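Computed from the coordinates by the stated procedures, all read-outs in this text should not be read as laboratory data. All figures in this text were calculated on a predicted structure; none of them were measured in a lab. Note that each Cβ is placed from the backbone with ideal geometry, even for glycine, and that neighbours are counted across all protein chains shown.
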Amino acid sequence: MPPILEVQNLAKNYGNFAAVKGISFDIKEGEIFSLLGPNGAGKTTTISMLSTLYTPTAGDATIGGHSITKDPMAVKQMIGVVPQEIALYEDLTARENLVFWGQMYGLGGKSLNNRVDEVLEQIGLADKAKNRVKTYSGGMKRRVNIGVGLLHKPRLLFMDEPTVGIDPQSRRAILDTVKDLNKQGMTVLYTTHYMEEAQELSDRVGIIDHGELIALGTQKELTRQVGETETLILHIGENDDPEALAKSLNGVPDVLEAIATDHEVSVVANEAEEVLAAVVTKANERGIKIHSIDIREPNLEAVFLHLTGRALRD
Amino acid sequence: MLKLLLIGIKDLQLMFRDRAALTFMLLAPFLLTIGMGFVTGRFSGGSTGISDIPVVIINLDKGDLGNALEDLFNSDELSDLMEPTASDSPEAARQIIDSDGASAAVIIPEGFTRSIIPVEGTMFDPNAVQPEAVQIEVYANPSRPTGAGIVKAIVDEFVSRVEEGRTRGMTSIIGLMQSGLLNPQNAETEARALFENVEETESTALTLRTDKKGAAAVEFDLLAYFAPGMALMFLMYTVSYGGRSILAERAQGTLPRLMISPTQTAQVLGGKVLGIFFMGVAQVGILILASTVFFQVKWGDPLGMVALILAAVFGAAGWGMLITAFARTPAQVGSTGSAIMLIFGILGGSFINLEQFPPFMRTISRITPNAWGLDGFTTLALGGTLKNLTEPIAALLLMGTVLFGIAVVMFNRSGIMQK
């Protein structure tokens with residue numbers, strides 16, 4: 001599949017602060033590509049540049065062969081955007097919102113009404129379409145927010161953290177919607193700081209931190225970077241010192257790496273069970289009470305931890 | 001163009017769903033108008049609140065009709081309303097007006113009476129040379145439009161009554177002659193008798209003030225001043241509300257969403273401006289309609305009124321955009337807009353007739369759309385038409401254009417619409 005999106009050295013500076021530092025990647029037609037990174041990593045700035053809202057400081061990107069800097073109107077016709085914040089008119093009904101935004105994308109007449117009906121069905125709000133948006137729950141608003149981005153059947157859909165601040169049920173519904181859209185042939189660029197979402201949805205993942213794309217590939221390719229290791233997550237008491245425990249564990253045989261995070265210590269080993277007893281003993285020696293232990297196989301969280309020394313939520 | 005219109009209509013729709021804003025935009029000015037009506041005695045049949053309008057009368061005619069008009073201004077019935085002084089020199093009178101010494105000068109030219117009532121023996125003489133029409137001149141003080149308008153309305157009514165009486169009388173005489181009921185030799189005698197009656201009843205212009213039927217023509221309805229005054233004052237709130245919506249849309253993310261849709265920046269900004277314009281027109285239109293229905297306010301020439309409303313809203317919308325361009329948050333627009341609404345309300349004559357202000361205040365008031373709008377509405381209420389509104393409409397359009405221009409420059413600098 002040819003790339004629908006090609007990003008070349010895209011950068012955005014705000015004064016002396018570099019929000020995005022010359023990133024490059026591409027997205028193939030029909031794939032779900034996730035940009036995974038903590039808050040403030042540069043995900044929203046990247047999407048804002050790709051959707052032509054912000055002018056890049058340097059670099060360029062093409063969408064369907066059209067430059068975002070030289071031919072923004074052609075780009076706008078091809079993309080749909082679901083912004084992170086709920087960008088709707090709360091005093092209008094869901095239907096009125098969809099009709100208005102549909103008109104802004106050049107739809108009209110009967111085709112607009114039919115498309116609005118389809119989208120309302122798709123987001124599961126057909127029976128509440130005549131209620132004003134301000135009466136909706138957060139999850140329902142998120143679904144309308146997504147619906148607006150789908151109205152004109154874009155070839156490439158940008159979804160910027162669409163599950164922030166909603167209940168698990170609505171989150172599940174949104175993730176299922178993304179998968180359905182992709183099955184129908186829509187290419188999706190999805191940004192998130194939830195490792196599980198990127199893991200569940202993505203064909204390929206780009207890990208972004210401090211404005212830099214620090215890793216890029218399929219999940220297999222990325223987890224291979226941290227080796228075939230496993231991670232023990234030790235949950236310790238609030239008053240215990242995770243740094244001290246991590247330091248002492250770094251000397252334990254077969255422990256590859258021990259990293260302290262907030263009330264947790266992540267212990268990386270080739271076989272978690274082989275080091276488990278030694279880890280517990282070390283904690284007891286230091287008088288640290290372990291509340292629970294999780295064993296994780298290599299995942300994107302481990303990749304991020306490996307690359308940055310920080311957890312995704314930090 | 002279509003998207004521009006759709007954005008404007010959407011903003012109007014949102015305005016009508018905002019109950020708090022509607023209360024402030026429609027109910028508050030309506031209630032204040034009622035309040036001003038009670039305070040000034042409009043509803044209790046008290047005085048009009050306008051009195052002692054200084055007027056200079058120059059009677060060069062000295063004939064029956066000229067004297068009648070002079071007497072009219074000096075009559076007991078108009079003694080509260082008018083403060084006439086006599087002069088022999090039109091030039092001196094014009095100087096008084098130019099130096100803001102009076103609201104208007106009424107110059108009754110020599111031969112005015114003779115131009116209407118021909119000399120004896122020439123009325124039905126086909127060989128007699130008929131005198132040329134001579135017109136009374138009202139030299140108005142532009143900085144006192146209300147007083148000048150009232151003077152002009154009195155003169156116009158006087159002249160139209162005289163003309164009406166003459167035309168009706170002559171038509172009757174000629175009709176009687178043609179039907180053979182009146183001997184041509186007696187025609188002039190009968191006609192003169194009719195003119196004498198006209199002279200007697202030319203005081204209809206005077207009696208207009210006390211006569212119920214004619215009162216509306218001359219007497220100035222104070223609500224025709226205060227109702228637009230309040231509407232214009234609260235129009236400033238409406239335009240700042242509309243301006244605030246630009247910043248609110250930016251904060252709530254709908255403005256960026258508009259910017260990433262295939263819509264030009266100019267269409268988005270133009271649509272927002274159109275929305276403000278629609279809101280202002282809807283507000284003033286509803287208030288005028290309500291004043292007409294509930295208070296029987298006579299607004300005058302509908303065409304002139306529509307043109308004036310559009311121009312006033314355009315001028316005010318310019319202020320709304322300027323306030324928005326300087327503000328950083330919707331709350332700043334709200335507080336600044338409310339302050340400017342009150343300042344312009346006072347300065348622009350919404351509470352106190354501008355003619356009671358000292359000259360420098362009247363000059364300063366010209367920066368407000370309220371002052372120009374009130375001039376126009378007063379002119380219309382006193383019988384003026386669209387052609388008499390050139391000055392206020394041009395001033396309002398110029399005001400709007402200049403302010404929009406400054407606002408666009410400011411928007412570009414602040415980057416609100418930029419990427």
(Q) Sort A:Thr46, B:Thr167, A:Thr69, A:Thr52 by Cβ crowding within 10 Å, fewest neighbours at the top. (A) B:Thr167, A:Thr69, A:Thr52, A:Thr46
Q.
For the pair B:Val409/B:Leu31, report the inter-label distance in nm, with labels modelled 7 Å from Cα in the Cβ direction.
A. 4.2
Q.
Check which residues have an amide H placed less than 5 Å from B:Val56's amide H, if you skip close sequence neighbours.
A. B:Thr85, B:Ala104, B:Ala105, B:Val106
Q | Charge dipole (debye, nearest 20) of region A:229-297; +1 at Cβ of Lys and Arg, -1 at Cβ of Asp and Glu | A | 240
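Determine the percent antiparallel among the DSSP beta bridges restricted to chain A, to the nearest 5.
Numbers: 39 of 57 bridges.
The antiparallel proportion sits near 70 percent.
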Q. Which of A:Leu256, A:Ile79, A:Ser292 sits farthest toward the positive end of the charge dipole of chain A, with +1 on the Cβ of Lys and Arg and -1 on the Cβ of Asp and Glu?
A. A:Ile79
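Sort B:Phe16, A:Phe33 so the one with the fewest other Cβ atoms within 10 Å of its own Cβ comes first.
Numbers: B:Phe16 13, A:Phe33 24.
Result, fewest neighbours first: B:Phe16, A:Phe33.
Pick out, in residue order, every one of the GluC sites (Glu not before Pro) in region A:254-299 that is DSSP loop and has at most 16 other C-beta atoms within 10 Å; say none if there are none.
On the way: sites: A:Glu257, A:Glu264, A:Glu271, A:Glu273, A:Glu274, A:Glu285; in loops: A:Glu271.
Here the GluC sites (Glu not before Pro) that fit, given the DSSP loop and packing criteria, are A:Glu271.
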Q: Quick one: angle between helix A:109-122 and the longest Cα principal axis of chain A, in degrees between 0 and 90, rounded to 10, please.
A: 20
Q) Which of the chymotrypsin sites (Phe, Trp or Tyr not before Pro) across region B:338-419 are loop residues per DSSP, with 16 or fewer other Cβ within 10 Å? A) B:Phe351
(Q) Give me a comma-separated list of calculated 3J(HN,Hα) values for region B:54-70, in order, Karplus coefficients 6.51, -1.76, 1.60 applied at θ = phi - 60°, integers in Hz, x for any Gly or Pro. (A) x, 9, 9, 10, 10, 9, 8, 6, 6, x, 4, 6, x, 5, 4, 5, 4
Q. Can you tell which of B:Leu397, B:Leu289, B:Val306 lies farthest toward the positive end of the dipole of region B:275-419, using +1 and -1 charges on the Cβ of basic and acidic side chains (Lys, Arg; Asp, Glu)?
A. B:Leu397
Q. Taking Cα pairs under 8 Å and at least six residues apart, what relative contact order does region A:211-298 come out at, in percent?
A. 38
Q | Debye, to nearest 20: dipole size of chain A, +1 on Lys, Arg Cβ, -1 on Asp, Glu Cβ | A | 1560
**Q.** Sequence-distant residues sharing a close amide H with A:Leu216 (under 5 Å, placed H)
**A.** A:Ile207
Q: Give me the angle, in degrees from 0 to 90, between the Cα long axis of helix A:168-183 and the longest principal axis of the Cα atoms of chain A, rounded to the nearest 10.
A: 60
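DSSP loop (so not H, G, I, E, B), at most 13 other Cβ within 10 Å: list which GluC sites (Glu not before Pro) in region A:181-236 pass both filters.
On the way: sites: A:Glu196, A:Glu197, A:Glu200, A:Glu212, A:Glu221, A:Glu228, A:Glu230; in loops: A:Glu228.
Counting only loop positions with at most 13 other Cβ atoms within 10 Å, the GluC sites (Glu not before Pro) in region A:181-236 are A:Glu228.
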Q. Put +1 on the Cβ of each Lys and Arg and -1 on the Cβ of each Asp and Glu in region A:3-223; which of A:Met140, A:Val20, A:Ala61 then has its Cα farthest toward the positive end of the dipole?
A. A:Met140
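Sorted from fewest to most neighbouring beta carbons within 10 Å, what does the list A:Asp176, A:Asp160 look like? Don't jump to the answer; show the numbers that get you there.
On the way: A:Asp176 10, A:Asp160 21.
If I rank by nearby Cβ atoms, fewest first, I get A:Asp176, A:Asp160.
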Q.
Need the list of lysines near B:Lys152 for cross-linking: C-alpha distance under 27 angstrom, and skip anything on the same chain fewer than eight residues off.
A. B:Lys62, B:Lys212, B:Lys213, B:Lys298, B:Lys387
Q | Distant-in-sequence amide H partners of A:Glu29 (H built 1.01 Å from N, under 5 Å) | A | A:Ile4
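Expected output is a single nm value to one decimal: the length gained when fully extending between B:Thr85 and B:Glu391, i.e. 0.36 nm times separation in residues minus the C-alpha distance. What is it? Mind dumping the intermediate values first?
Values: separation 306, 0.36 × 306 = 110.16 nm, distance 2.83 nm.
This chain segment gains 107.3 nm when fully extended.
Quantify how strongly other chains surround peptide B:255-267 by giving the mean number of their Cβ atoms within 10 Å of each of its Cβ atoms.
On the way: counts 1, 8, 13, 4, 5, 17, 14, 13, 6, 1, 0, 0, 1.
If you average over the peptide's residues, the count of other-chain Cβ atoms is 6.
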Q) Based on the alpha carbon coordinates of region A:82-136, what radius of gyration and maximum Cα-Cα distance (Dmax) apply, in Å? A) 10.8, 30
Q: For helix A:138-150, report the angle its Cα long axis makes with the longest principal axis of the Cα atoms of chain A; keep it between 0 and 90° and round to the nearest 10°.
A: 60
Q. Could you name the lysines in cross-link range of A:Lys128, using Cα to Cα under 16 Å and dropping any fewer than eight places away on the same chain?
A. A:Lys141
Q) Straight-line reach from B:Lys3: which lysines have Cα under 24 Å away, leaving out those fewer than 8 places along the same chain? A) A:Lys70, A:Lys76, A:Lys110, A:Lys130, A:Lys153, B:Lys272, B:Lys419
(Q) Can you tell me what share of the DSSP beta bridges in the protein assembly as shown is antiparallel? A percent to the nearest 5 is fine. (A) 60
